[in-house]
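S.K.: Supplied in structure tokens, the structure appears directly below.
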Amino acid sequence: MRSQPHELRQVWRSFRVPSVVALIGLSIAVGCSSGSRFTQSQLANSNSGKTEGDLSLAEQSSTKPFQTSDTVVRFQFAHLKTVEYDGFALPILSPDGCSAAIQISSSADWPTLLASVDSGVPDAGRIAIAPLCAKTDAIAGEETNAPLLDVVGNDLLLGRSADSEGFLVESPRVDGARWIGKVAWQGGEPTWLVSDEHVNAFASLGPTGELAWCHRRREVEKFSLLVKRGEAIHEIPPPQDGLWLAPSFSADGKFLYALRLRDGVLSACAFPISGTISTTPIISIDLSWRADVRMAYQTVIPLRTGGESYDPRFYFFHPRFGRIAIWNPSNNRIALTSPNCSAAIAISQTKIVASSATQIAVESAPVEGGSKDHQQSTKMMESLWIPIGRGEGSVIIVAQPGRGTLNIARIDLAPTEK
């Protein structure tokens, strides 16, 4: 009765954007931990037999010119680990890049993923932690054969967020409730942060320990937003004739973001954070006029907002433009990445690492209101590698999905001269 992971990926084929794949779940949180989900069309490309060739690049350095400029891009690629995974969810990475939480198995169907009223308990949902850094050199992240660390529980779904202490998980319960927990990077049992008789889903951690999540009674369809700051919990009621989805925090801690869905209109909303949290967004922007909960999920629920600690902007996959976009609520302007960019991670204020189904490249950062159809770029590899987060220094951790396995690698954009 439940959709298996391969069936879910078949469903994702229906969410396509013009000229390319639908969506790579983004780990665009610059300097933030992240995890994501991935579309079938990109998974199909990743199964095309290119993996072996890519891994032959291990520990090789390259220097390439940055297009139409005097600068160059120098990088070193190194394979870290190949792990089993459920074929659907990409890992959540620790802030130092040394641990990855991986959904090893899951039979969750769409109602369960979306925490809808007709959802059930997954038949299985096993998570493990993959150490990525050798003990002798945690910053460089040398290849390590350290075994996976177990996470206790067989019905756990990987969450949306992590910090230096651990990562979030969700647990659909037999009675229809849904709990939110946190697992330490050393493994073991979750510590339950929200464990009541209601449905609690799509949680996200803030930069100073806040927790935001969607909340509803089991028999009610519409989600409200709950935000916990210290011991206080603030509630934002459901919008009229609609619901809230996918709360997250700006990296600078000034905004709470959430998606609003009502009458088929999907909007991004920004709530200012000060001593209290307003129940009315200060500003909103429409993303689609023919949306549903599944589109919202694929637009931003797998993603992380963020940037460096000064960055107040909201990062998401734009369903109309079919690429990664960055919204600045201060002036209500959007910056678009290059066409077909379905995952990205910033490496400076002027450059990003961008992924498409066919390559990973260093590109000039998007400009608000500017065209990115022709941008400076340097292709690093002609195959699918998805940035899933940053490690220490100039290190970016990338993943390549395969048939039930993930290759995890390191790209060092400032390798030491040998």
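The values are calculated or read from the model by the stated rules, or taken from the named source; none is laboratory data. Worth saying up front: this structure is predicted, and the values here are computed from it rather than measured. As a convention, Cβ positions derive from the backbone with ideal geometry for all residues, glycine included, and neighbour counts pool all protein chains shown.
S.K.: Just for region 301-320: of the residues that are assigned to a loop (DSSP other than H, G, I, E, B) and at pLDDT 90 or above, which one is surrounded by the most Cβ atoms within 10 Å (Cβ to Cβ)?
M.R.: It comes out as Pro319.
S.K.: For region 73-102, enumerate the residues that are touching a Phe, Trp or Tyr at 6+ places or on another chain (Cβ under 6 Å) and either part of a strand (DSSP E or B) or at pLDDT below 90 (or both). Full working, then the answer.
M.R.: First, pick out the residues of region 73-102 that are touching a Phe, Trp or Tyr at 6+ places or on another chain (Cβ under 6 Å): 73, 90, 92, 94, 99, 101-102.
Residues satisfying the conditions are Val73, Leu90, Ile92, Ser99, Ala101, Ile102.
S.K.: For region 115-132, what are the residues that are at pLDDT below 90 and under 26 Å from Asn407 (Cβ atoms)? Full working, then the answer.
M.R.: Our first condition is that a residue be at pLDDT below 90; within region 115-132, this holds for 117-125.
Within region 115-132, Pro122, Ala124, Gly125 meet the criteria.
S.K.: Now a separate question. Can you say whether Ala344 is within 19 Å of the chain's Cα centre (by Cα), surrounded by fewer than 23 Cβ atoms within 10 Å (Cβ to Cβ), modelled with pLDDT of 85 or more and among the hydrophobic types (A, V, I, L, M, F, W, C), as far as the supplied structure shows?
M.R.: Here the answer is no, as Ala344 does not meet what is asked.
S.K.: Test of understanding: among Arg218, Arg178, which residue is more than 23 Å from Thr276 (Cβ to Cβ), buried (at least 22 other Cβ atoms within 10 Å of the Cβ) and touching a residue at least 40 places away in the same chain (Cβ under 8 Å)?
M.R.: Arg178
S.K.: Assess whether Ser224 counts as being of a type in the set (Ser, Thr, Tyr) and under 19 Å from the mean Cα position of the chain (by Cα).
M.R.: Spelling it out, it is not the case that Ser224 is of a type in the set (Ser, Thr, Tyr) and under 19 Å from the mean Cα position of the chain (by Cα).
S.K.: Right, here's the next one. Out of curiosity, is Glu392 among the acidic types (Asp, Glu) and part of a strand (DSSP E or B)?
M.R.: Criteria not met by Glu392.
S.K.: Checking the condition among the polar types (S, T, N, Q), over 21 Å from Glu210 (Cα atoms), touching a strand residue (DSSP E or B) at 6+ places or on another chain (Cβ under 8 Å) and modelled with pLDDT of 85 or more, which residue from Ser377, Ser330, Ser356 passes? Break it down into steps so the answer makes sense when it comes.
M.R.: Numbers: Ser377 fails: modelled with pLDDT of 85 or more; Ser330 fails: touching a strand residue (DSSP E or B) at 6+ places or on another chain (Cβ under 8 Å).
Answer to the check: Ser356.
S.K.: Picking from Pro366, Pro387, which residue would you name as being surrounded by 23 or more Cβ atoms within 10 Å (Cβ to Cβ), touching a strand residue (DSSP E or B) at 6+ places or on another chain (Cβ under 8 Å), assigned to a loop (DSSP other than H, G, I, E, B) and of a type outside the set (A, V, I, L, M, F, W, C)?
M.R.: Only one candidate passes the filter, namely Pro366.
S.K.: Determine if region 250-259 includes at least one residue that is in contact with a helix residue (DSSP H, G or I) (Cβ under 8 Å, 6 or more places away or on another chain) and either modelled with pLDDT of 90 or more or assigned to a strand (DSSP E or B) (or both).
M.R.: yes
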